[in-house]
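Report on the following structure.
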Amino acid sequence: MVPAPLGEAYDYLPPEGEEPAQGAFVEVPFGRLKMIGVVFGEGKGGVPEAKLKKVIRCLPVPPVPEVALSFIEWVAHYTVTPAGAVLKMLFGNAKFIEPKKKDSFDCPAFLPDFHQPQLSPDQTKAAEILKQAVRAQKYSATLLDGVTGSGKTEVFCEAIAECLRQGKQALVMLPEIAMTAALIDRFAARFGARPVEWHSALGDRQRRLHWQAIARGEAQFILGARSALFLPYPDLGLIVVDEEHEAAYKQEEGVIYHGRDMAVARAHIGGIPVILSSATPSLETLQNARQGKYGHVVLPKRFGVAQMPNVDLVDIRKYKLAAHEFITPPLFENLKQTIAEGRQAMLFLNRRGYAPLTLCRKCGHRLQCPRCTAWLTEHRQSGRLHCHHCDYTIRLPEKCPACQAEASFAACGPGVERIAEEVEARLPGARYAVMASDTLEKPGAAQELVNKMSAKEIDILIGTQIMAKGYHFPSLTLVGVIDADLGLAGGDPRACERTFQLLQQIAGRSGRGEDAGKVLLQTTAPDHPVMKAMIKGDRDAFMEIELAEREAYCLPPFWRLASLTVSGVDQAQVSRTAQTLADSVPRLEECRVLGPAPAAFAKIRGKYRHRLMIQAPRNINLSSILKRWLTTVKLPRNLRLSVDIDPYNFM
Ligand code: ADP
Ligand code: ZN
């Protein structure tokens, strides 16, 4: 099997005097190219031997273990992608598979008992169950469900310790690289060495060294992004999926897959335990726990003296704010007081830049991306407008492109930069910092901010969802959410669930030390079920309502969904093709086809996009049906079809 988006493996003759094992990496001629492929199994025959090409050489590296091969095939099948495409995603250029002469990597030794914390009775109970799962050495999935600050990390570290004692490899998965730095230090303090990392930010040399160490089984403890699931572990004994509810686990490009779901599949295929950890588990996982498919371990209280913060709503409609102000009087008073008392505050707004929309006051023209159905976001610090869907960026024009009026632009709505401006104007002297993905591009920038926060050199941290998780600031006692309604609009069936999870995570940053925490949510919809659940702190009641709605509307986790998107530069052709496709979906009684319709972002990077959605009961193997059907479908060459099983993106 070569790393190219082709369906099948090809037959080759073995090199002179060698018999490459299953899983071996081999260099083969492929067309006019040479490629590094993987031996998937015996030849199929069917091609006369005289016509077969010969393997050029076998690479002197460990073969991919059978479990990892089966997993690759399973993922390919489930996501309706060719196995070659999965290989391409894993080692497209294969540069890191072969060691270089001077390579040497001192693999850290992990000590299961390097620093063992004194666990609370609740934590001890939870840790025992997880350790038992590791000792059992067979497949199990367990939801570790504990409020923010309850010590989930400490508890799953006990399971990792148990896995290390068995001499097996343990993998901890994170949804985003930005979170690794803080956790690495914690793991190092717990196990006496830093875990071996695997994610897209590694340099070439590091990637090579880490791959070798993992493939040889020397690296015992791995911290990685979703791609780490596919590594050729010779002896994986445990997978932990931290923040399992995070949508960032979904890979939306190329092979479209959900890291959490694939982790469960990998555990199943490998016959090992997987732990899904979250303070706000996804409905999918909760439902699996309720049905008894997953174990359910609960940590109901924060560790130590810390209490859950008090959550209040501020009805924005009651206050008349100036056009450039977004902080209501109650939030402002609380901010002032918090700083006066020498404590820290966080202001949350899930929007980068200065303003999400710029329009001409004279003619109403809105500055839009020429390539996407999207407004341009102003970034005032850089003096530029950016499209957050493609890389398009321009300087803020001097004249309105529609009516030529000068100095006529008005910024509409806030982004985090604008909130920072308001803080500076209204709270002179307050030390603030902005935390968003675009302000953290330099490596180490996140860590620097975290250090400053910990050293209390920052009074107010203003940021996007990037600061929602993982961080622990004991003096942070106030969290203000500028626009709690932001995620609720739009056609995403998970909008309420996700807004609730995000608000809970943000709220969870408050009051993690000795001082009581407070959370203020600015909203225009105080009666919305999400807001009500937030003040009552009643997650389970909210989840019950959500589950009932999902069931009533035939949505996940009760039904399966698949989304098919046709894209291309010719709008009429895209629309026609999507319709033809929809008409040819196999008519199974229980399945429904929704659409086709233009996607919410009808054009991205100059390509028009039409989508259709297939709903099927859970007992239907949608992947198999789609695969069989799609092999019969011929699409014009200039169009692309992308298949998304279990879609999370409805834009
Ligand atoms: P969660 O992952 O559930 O949000 P953490 O594991 O980050 O919680 O724990 C929250 C804080 O409490 C961390 O600073 C952690 O070090 C501390 N903590 C939790 N359990 C213990 C324990 N048993 N002993 C000492 N500190 C603990
Ligand atoms: Zn764009």
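Tabulated results
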item	result
The range 246-295 shape via C-alpha gyration tensor axes, a/c threshold 1.5	oblate
Cα coordinate range in the range 121-299, projected on the principal axes (Å, largest first)	44, 36, 30
Of the trypsin sites (Lys or Arg not before Pro) in the range 428-523, those whose Cβ has at most 16 other Cβ within 10 Å and which sit in DSSP loop	431, 456
nm² value of the averaged projected area, convex hull over the Cα atoms of the range 1-144	13.3 nm²
Cα gyration tensor category, rounded, prolate or oblate, for the range 540-648 with a/c compared to 1.5	oblate
Cα centroid of the range 397-438 to Cα centroid of the range 170-231, whole Å	39 Å
Sum of -39500 (n - 2.57) over DSSP H runs of 4+, divided by residues of the chain (222 nm, nearest 500)	-9000 deg cm²/dmol
Beta bridges by DSSP in the chain, antiparallel share as percent, to the nearest 5	50 percent
Accessible surface, the chain, averaged per residue in Å² (probe 1.4 Å)	45 Å²
Whole-angstrom Cα spans of the chain along principal axes, big to small	83, 65, 54
Over 24 Å (Cα to Cα) - which of 34/607; 88/250; 100/442; 318/456 fall in this group	34/607; 100/442; 318/456
Restricting the range 1-62 to trypsin sites (Lys or Arg not before Pro) in coil, as DSSP defines it, with at most 14 other Cβ within 10 Å	32, 44, 53
Cα-derived Rg over Rh, computed across the range 368-498 with Rh taken as Kirkwood radius	1.00
Accessible carbon and sulfur surface of the range 423-541 relative to its total accessible area, %, 1.4 Å	50 percent
Order by protection proxy (mean Cβ within 10 Å, highest first), peptides 89-97, 438-446	89-97, 438-446
Of all accessible heavy-atom area on the range 137-201, the percent that carbon and sulfur account for (1.4 Å)	50 percent
Any cysteine of the chain lacking a neighbouring Cys Cβ under 4.7 Å - listed by number	58, 107, 157, 163, 390, 412, 496, 554, 591
The range 25-91 - percent of accessible surface contributed by carbon and sulfur, probe 1.4 Å	57 percent
Cα-based radius of gyration of the range 337-394 once divided by 2.2 N^0.38 Å, which approximates compact folds	1.55
Distance in nm between pseudo-label sites at residue 138 and residue 391 (7 Å out along the Cβ direction from Cα)	5.1 nm
Loop GluC sites (Glu not before Pro), the range 177-286, which have at most 11 other Cβ atoms in a 10 Å radius of their Cβ (DSSP)	253
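The values are calculated or read from the model by the stated rules, or taken from the named source; none is laboratory data. What you are looking at is a predicted structure, and each value in this text was computed from that prediction instead of being measured. Don't worry about glycine lacking a Cβ; one is built from the backbone with ideal geometry, like all the others, and counts go over all protein chains shown. Quick note on the areas: whole protein, heavy atoms, side chains included, nothing else; ligands and nucleic acids left out. Shrake-Rupley method; radii C 1.70, N 1.55, O 1.52, S 1.80 Å.
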